[in-house]
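Some notes on the structure that comes next.
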Amino acid sequence: MTVKVGILGAGYMGKTHGRILRGDPRVILSAVFDIDAQRKEEAARELECRAAESEEQLMDQVDAVYVTLPNTTHAAASARALERGKHVFCEKPFATSLEDAGKLLELCRSTMSVFAVGHNRRFAPAYMLVKEFLAGGRHEPTLAQFKMNRGELESPPWVENAAVTGGYLYETPIHLFDMARWLLGEVTDLTAAGAARTYAEPDNFSLLLRFESGLSLTFASCAHSTWAFPFERIEIYGRYFTVETAEMERVSITHGLNKAASVQDFHALKMEQKWGYAAIDANFISAVLGEEATAVTADDRYRSVELADRCYRALRSTPAEAQL
Ligand SMILES: NC(=O)c1ccc[n+]([C@@H]2O[C@H](COP(=O)([O-])OP(=O)(O)OC[C@H]3O[C@@H](n4cnc5c(N)ncnc54)[C@H](O)[C@@H]3O)[C@@H](O)[C@H]2O)c1
């Protein structure tokens, strides 16, 4: 069986997924559509598929749609595809408001279509290794510290426009909100401080998240910190262990003095493997074919949006002197 796929949004991620899908023998990459005609034609040439005349024409030709548009358009475009009976892979974020997330969740529940969200880090070998280390309860995390920075908000140009991203938290830290829940469980309380320092929206955040397990996580995110390596790092501490990542390149697990740390290095993997893009696409196609479930559940999709929303609400209620 094959799945006919169309790509809505022929930018960086549309082409990234397109290149991967072309290599999957279960996929026929049918068409691409972008409001930018030049991008659309270039992508169609590169991906060797049709350039659709419109979104509607794209959707008419396919079984599944990749929504790789700027953030605030995700929920409506995904809803249009679901209403036409299509399976949907939507890049993160699922939605940029709780209201849209709730409506889309209801729609997902009322259809037979598969819906996946691009929380690719769940498929990155580095994070899968951390998940495996924590699985089974033998290594109980007691404290954690995450950092997820960006160098700037310049590329693509719309990332500095909160009206298009939904806000910086929906654009970048949302990846680690999903990771935090996946690795550490449900969040019960959240405190946030943040401020706009370089851009017109809050771009520096210090967050404190408390989990059902009693664990607390401090999370820092700066949108303009240069791309100093590692711009993304998680550290998880437990009884005589530390797990530490450096982006999706490396994981170190340390058990104490006089003991060698175990280090796994993934830097030589191709980006599509290292960042989990190839595996999340394969998971989506398998789900469409009824062979496995999507890794990110409906609840997960909603909860990552909910965390971003809670941070912004906490920020609005934070006294000015507590801001960064
Ligand atoms: N999972 C990840 O690691 C990851 C990485 C980067 C980006 N993303 C997400 O992927 C999405 C796309 O980001 P990108 O970097 O590819 O952006 P991009 O700007 O390179 O591509 C977006 C494309 O959508 C097109 N577009 C805009 N409105 C449209 C419309 N109404 N109809 C058709 N086409 C339209 C634009 O012309 C552009 O070509 C964003 O939501 C972003 O957050 C995810």
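The values are calculated or read from the model by the stated rules, or taken from the named source; none is laboratory data. A quick note: this is a predicted structure, and the numbers were derived from the prediction, not measured. Virtual Cβ from ideal backbone geometry, glycine too; neighbours counted across all protein chains shown.
Of note:
- Residues that are within 10 Å of the ligand (Cβ to nearest atom) and either at pLDDT below 95 or not in a helix (DSSP H, G or I) (or both) within the range 1-51 comprise 7, 8, 9, 10, 11, 32, 33, 34, 35, 36, listed in sequence order.
- Residues being part of a loop (DSSP other than H, G, I, E, B) and within 20 Å of the chain's Cα centre (by Cα) - total across the range 215-227: 3
- Scanning the range 62-72 for residues being within 15 Å of the ligand (Cβ to nearest atom), not β-branched (Val, Ile, Thr) and not in a strand (DSSP E or B) gives a total of 3.
- Against the criterion of being over 19 Å from residue 123 (Cα atoms) and surrounded by 12 or more Cβ atoms within 10 Å (Cβ to Cβ), residue 277 does not qualify.
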